[in-house]
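Chemist: Below are the structure tokens for one structure; questions will follow.
The values are calculated or read from the model by the stated rules, or taken from the named source; none is laboratory data. The model shown is predicted, which means the values in this text are computed figures rather than measured ones. Note that we place each Cβ from the backbone using ideal geometry, even for glycine, and neighbour counts take in every protein chain shown. Note: areas computed on protein heavy atoms with side chains; ligands, DNA, RNA excluded. Shrake-Rupley method; radii C 1.70, N 1.55, O 1.52, S 1.80 Å.
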Amino acid sequence: MDDFLILDGISKSFGKHKVLDNISLTVKKGEIFSFLGPSGCGKTTLLRICAGFEEPDSGRVILNGVDITKLSPNKRQVNTVFQNYALFPNLSVFENIAFGLRVSGIKESQLNDEVGKFLELIQLTSHAHKKPDKLSGGQKQRVAIARALINKPNVLLLDEPLAALDLKLRQRMLVDLDNIHDEVGITFLYVTHDQSEAMSLSDNIAVINEGKVEQVGTPAQIYEAPRTSFVAAFIGDTNFFEGDVIEVDEPYSKLRVDGFTEVLAYNDKKIKKGDKVHISIRPEKFTLSIEKPDLSEKYNSIKGKVEEIIYLGYHTKYWVRVNEFLVETKRLHDRYMLDEKMITWGDEIWLSWHADYCYRLWQSLKAKLKKRRTSYK
Amino acid sequence: MKKSRFPLYITIAILVFFYLPIIIVFAQSFNASRFGGAWKGFTFDWYWKLFSDKNIWHALTNTLIIAVSSTFVSVILGTIAAFALYKYKTKLQVSHNVLIYFPLVIPDILMGISLLLFFVSLKIGLGLLTIFLAHVTFSISYVAMVVLGRFQDFDYSIMEAALDLGATWWTAVRKIMIPYLMPGIAAGGLLAFTLSLDDFVITFFVSGPDSTTLPLYIYSMMRHGSPSVINALSVLMVAFTFIVVFISKKLLEAKE
């Protein structure tokens, strides 16, 4: 079965506040699926609905073909890794991991084998008899993951599992998580507000904002082709332009952006002359050069003045004034060739970018939802 | 710089203030003089008298029955009340909180009188039962407050984790929540036990003819009997308390 976990039209309100508004998503078996959004967007509530701690006002949760919307948490084949680990403070690492098996009433010898296996998986065999408060943050997190995995759930729910860890540890745990996922092959549902976590782990991401799904797609789709201005701004940096279509020549069209210039853009969505469109261009899509570059007609080129440079080690950001716009650009090195002249403050330079790098955004949420509905059926 | 001696003097003064009365009681319990005061020689008489006095043993039995039973009941009810106060934050809980707090601040004498009027109006005969009910009434508050303190650091998501791993709610309570609360429950229970053990004012109002507790009996002995026997009794009680505290401390250290 391909669609393993289906969320169908989930809505949930707390008092007057509508936290989730008609959310429909499908998760495939074995993939890592992320809910990505700012804090308060409803992603944790959605996860809690999957776990059974909250009941939706309307909508259904279907796991492996069975409607589990009304099933209590202890009867669901899903397990959760909590944000603050939620380890049992009175039990040892071993007993924490063994909890799920003990509750299910497994034989003692079998239990020892199983727990031993998971202790090995998370490399904490030598810490088996410590209490959780003697462990470091990363170790606690690994215990929480092992504890949730030992019942062999159909879906593992992870609620911001790395939020409490520092940057270096977070990066290590990301690799660990990925390895564990490869090892056990269970479907992961991953909630995070950190775009880089979501991008590096996920097979698919649902970007959620104010209780609505803004976009679902692979990390590359979300980053390269954001559908809405929210997605474009939330995932990475971007430049927004609003323009009028003055000429359509499939698959490209010419837009006039007031206060900027005329832009040649790829028609990733249907477009007609006179439409008002919003486009996003990522900073790294611009090429910066001192001489006017000799490029094909599919490139846009315009002259601007460097107003700000920020050196960030592995890349450098340039803010370039083009007419009324301040365009954010970045490139990996402060110059491409060592014998090239370095760009400095106040330089007049050329910005070039390919028409394919302009992405049109769906401004209207209503139109977007309608589109999604038809594409699902 | 020379350290100030002042804290030392204060410490000594406080220790004297606290323990001199106990030391005097201790000494007097071996004094052959019938009413204390001047030293008339060493004797164990008062201890023999104490052990042969049936009434004292009867009063002690009453006290222990009430202390154990009221502690048991109030620990259960108080813990449940603390859980409700912790878990549910509705407007009704504000009044619940006030109700739980009330017995802590209300004067004992008021509580004694009101309970007496209550029992009389319901025509419940005064005796062990009424003392037990009265003690439960105020003990619940102490237990609830102490357990609620323990609840403040309780992360409810560990209960959710237990449910998530397949435990029923009751299993989660038994295996996760109660072990976590145990220090609070034990402390609350101990507090309730001590309060019940030496409560005088409330017990005085709600006790019946055959339900004299130890504090009531000691009071009547002060007036009609021999103060020296009370001294002996006091020494035994202090010794008992000391041993209990010592053992519980040793047990806690062993656990660490």
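Chemist: Looking at A:K130, A:K134, can you tell me which residue is within 14 Å of chain B (Cβ to nearest Cβ) and modelled with pLDDT of 90 or more?
Modeler: A:K134
Chemist: Please note which helices (runs of 4 or more DSSP H) are completely contained in region B:13-108 and include at least 3 residues that are within 30 Å of B:G127 (Cβ to Cβ) and touching a Leu at 6+ places or on another chain (Cβ under 8 Å).
Modeler: B:54-87
Chemist: Moving to a separate point now. Within region B:151-204, take every residue that is acidic (D, E) and open to solvent by 20 Å² or more (accessible area, probe 1.4 Å) and give me the one that is nearest to B:G127 (Cα to Cα).
Modeler: Looking at residues that are acidic (D, E) and open to solvent by 20 Å² or more (accessible area, probe 1.4 Å), I get B:D198.
Chemist: Inside region A:247-266, can you point out the residues that are over 30 Å from A:H315 (Cα atoms) and surrounded by 15 or more Cβ atoms within 10 Å (Cβ to Cβ)?
Modeler: A:V248, A:Y252, A:S253, A:K254, A:L255
Chemist: Can you name the condition, by its number, that A:D294 falls short on among (1) surrounded by 12 or more Cβ atoms within 10 Å (Cβ to Cβ); (2) at pLDDT 85 or above; (3) out of contact with any His (no Cβ under 9 Å at 6 or more places or on another chain)?
Modeler: (1) is the only condition that A:D294 fails.
Chemist: Quick one: in region A:56-86, which of the residues that are in a strand (DSSP E or B) and on the phi > 0 side of the Ramachandran plot is farthest from the other protein chains (Cβ to nearest Cβ)? So that I can check it myself, show each step before the final result.
Modeler: Pass one, region A:56-86, residues in a strand (DSSP E or B): A:58-63, A:66-67, A:78-82, A:85.
When the remaining residues are screened for being on the phi > 0 side of the Ramachandran plot, the result is A:59, A:85.
Working: A:G59: 21, A:Y85: 9 Å.
It comes out as A:G59.
Chemist: Another one. Residues of region A:92-106 being modelled with pLDDT of 90 or more and more than 8 Å from chain B (Cβ to nearest Cβ), which ones?
Modeler: Across region A:92-106, the qualifying residues are A:S92, A:V93, A:F94, A:E95, A:N96, A:I97, A:A98, A:L101, A:R102.
Let's see how each residue does on (1) buried (at least 18 other Cβ atoms within 10 Å of the Cβ); (2) of a type in the set (S, T, N, Q); (3) free of Cβ contacts under 8 Å to residues at least 40 places away in the same chain:
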site	(1), (2), (3)
A:H193	yes, no, no
A:S202	yes, yes, no
A:I208	yes, no, no
A:Q221	no, yes, yes
A:E224	no, no, no
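Chemist: Which residues, taken from region A:159-185, are over 14 Å from A:Q141 (Cβ atoms) and surrounded by 16 or more Cβ atoms within 10 Å (Cβ to Cβ)?
Modeler: A:H181, A:V184
Chemist: Right, something else. Quick one: B:D210 ticks every box in (1) modelled with pLDDT of 90 or more; (2) open to solvent by 50 Å² or more (accessible area, probe 1.4 Å) bar one, so which box is it?
Modeler: Single failed check for B:D210: (1).
Chemist: Kindly indicate which of A:I302, A:I310, A:I279 is assigned to a strand (DSSP E or B), exposed (fewer than 14 other Cβ atoms within 10 Å of the Cβ) and either among the acidic types (D, E) or touching a strand residue (DSSP E or B) at 6+ places or on another chain (Cβ under 8 Å) (or both).
Modeler: Values: A:I302 fails: exposed (fewer than 14 other Cβ atoms within 10 Å of the Cβ); A:I279 fails: exposed (fewer than 14 other Cβ atoms within 10 Å of the Cβ).
Only one candidate qualifies: A:I310.
Chemist: Under 30 Å from A:P153 (Cβ atoms), out of contact with any helix residue (DSSP H, G or I) (no Cβ under 7 Å at 6 or more places or on another chain) and without any contact (Cβ under 8 Å) to a residue 40 or more places away in the chain, is that true of B:D164?
Modeler: Spelling it out, it is not the case that B:D164 is under 30 Å from A:P153 (Cβ atoms), out of contact with any helix residue (DSSP H, G or I) (no Cβ under 7 Å at 6 or more places or on another chain) and without any contact (Cβ under 8 Å) to a residue 40 or more places away in the chain.
Chemist: Ok, one more. Quick one: in region A:33-55, of everything that is in a loop (DSSP other than H, G, I, E, B) and open to solvent by less than 20 Å² (accessible area, probe 1.4 Å), which residue is nearest to the other protein chains (Cβ to nearest Cβ)?
Modeler: Here the residue is A:G52.
Chemist: Of everything in region A:87-117, what is assigned to a helix (DSSP H, G or I) and of a type in the set (D, E, K, R)? Give them in sequence order.
Modeler: Passing the criteria: A:E95, A:R102, A:E108, A:D113, A:E114, A:K117.
Chemist: Pairs needed: first member in region B:233-250, over 15 Å from B:L190 (Cβ atoms); second member anywhere, open to solvent by 90 Å² or more (accessible area, probe 1.4 Å); C-beta distance under 7 Å; at least 6 residues apart or different chains.
Modeler: Hits for this filter: B:V235/B:F26.
Chemist: Hey, another quick one. Does B:V73 fit the bill of being open to solvent by 40 Å² or more (accessible area, probe 1.4 Å), within 26 Å of B:R150 (Cα to Cα) and under 16 Å from the mean Cα position of the chain (by Cα)?
Modeler: Yes, satisfied.
Chemist: In region B:78-104, what count of residues is obtained for those that are in contact (Cβ under 8 Å) with a residue 60 or more places away in the chain and buried (at least 16 other Cβ atoms within 10 Å of the Cβ)?
Modeler: 7
Chemist: In region B:105-132, which residue that is among the aromatic types (F, W, Y) and open to solvent by less than 50 Å² (accessible area, probe 1.4 Å) is nearest to B:F200 (Cα to Cα)?
Modeler: B:F132
Chemist: If you don't mind, another one. Scan region A:243-294 residue by residue and report those that are among the polar types (S, T, N, Q) and farther than 21 Å from A:I222 by Cα.
Modeler: A:S253, A:T261, A:T287, A:S289
Chemist: Additional query: Answer with yes or no whether B:V147 is farther than 28 Å from B:H58 by Cα, among the aliphatic types (A, V, I, L, M) and surrounded by fewer than 21 Cβ atoms within 10 Å (Cβ to Cβ).
Modeler: Details: farther than 28 Å from B:H58 by Cα: yes; among the aliphatic types (A, V, I, L, M): yes; surrounded by fewer than 21 Cβ atoms within 10 Å (Cβ to Cβ): no.
So B:V147 does not fit the description; no.
Chemist: If a residue must be assigned to a helix (DSSP H, G or I), β-branched (V, I, T) and out of contact with any strand residue (DSSP E or B) (no Cβ under 6 Å at 6 or more places or on another chain), how many such residues does region A:141-158 contain?
Modeler: Number of matching residues: 1.
Chemist: Checking the conditions here, which among A:F188, A:F240, A:F230 is in a strand (DSSP E or B) and open to solvent by 10 Å² or more (accessible area, probe 1.4 Å)?
Modeler: A:F240
Chemist: Any chance you could count how many residues in region A:313-329 are open to solvent by 40 Å² or more (accessible area, probe 1.4 Å) and either at pLDDT 90 or above or part of a strand (DSSP E or B) (or both)?
Modeler: 4
Chemist: In region B:24-37, what residues are free of Cβ contacts under 8 Å to residues at least 24 places away in the same chain and either acidic (D, E) or open to solvent by less than 70 Å² (accessible area, probe 1.4 Å) (or both)? Don't jump to the end; show me each part of the working.
Modeler: Filtering region B:24-37 for residues free of Cβ contacts under 8 Å to residues at least 24 places away in the same chain gives B:24, B:27, B:30, B:32, B:37.
Of everything in region B:24-37, those that are free of Cβ contacts under 8 Å to residues at least 24 places away in the same chain and either acidic (D, E) or open to solvent by less than 70 Å² (accessible area, probe 1.4 Å) (or both) turn out to be B:A27, B:F30, B:A32, B:G37.
Chemist: For the structure I just gave you, tell me whether B:S141 is open to solvent by 20 Å² or more (accessible area, probe 1.4 Å) and at negative phi. Give the derivation first.
Modeler: Details: open to solvent by 20 Å² or more (accessible area, probe 1.4 Å): no; at negative phi: yes.
No; evaluated as a whole, the condition is false for this residue.
Chemist: What number of residues within region A:105-125 are under 35 Å from the mean Cα position of the chain (by Cα) and not charged (D, E, K, R)?
Modeler: Residues flagged as under 35 Å from the mean Cα position of the chain (by Cα) and not charged (D, E, K, R) within region A:105-125 amount to 9.
Chemist: Is it the case, given these coordinates, that B:V68 is crowded, with 16+ Cβ neighbours inside 10 Å, under 30 Å from B:V173 (Cα atoms) and in contact (Cβ under 8 Å) with a residue 40 or more places away in the chain?
Modeler: no
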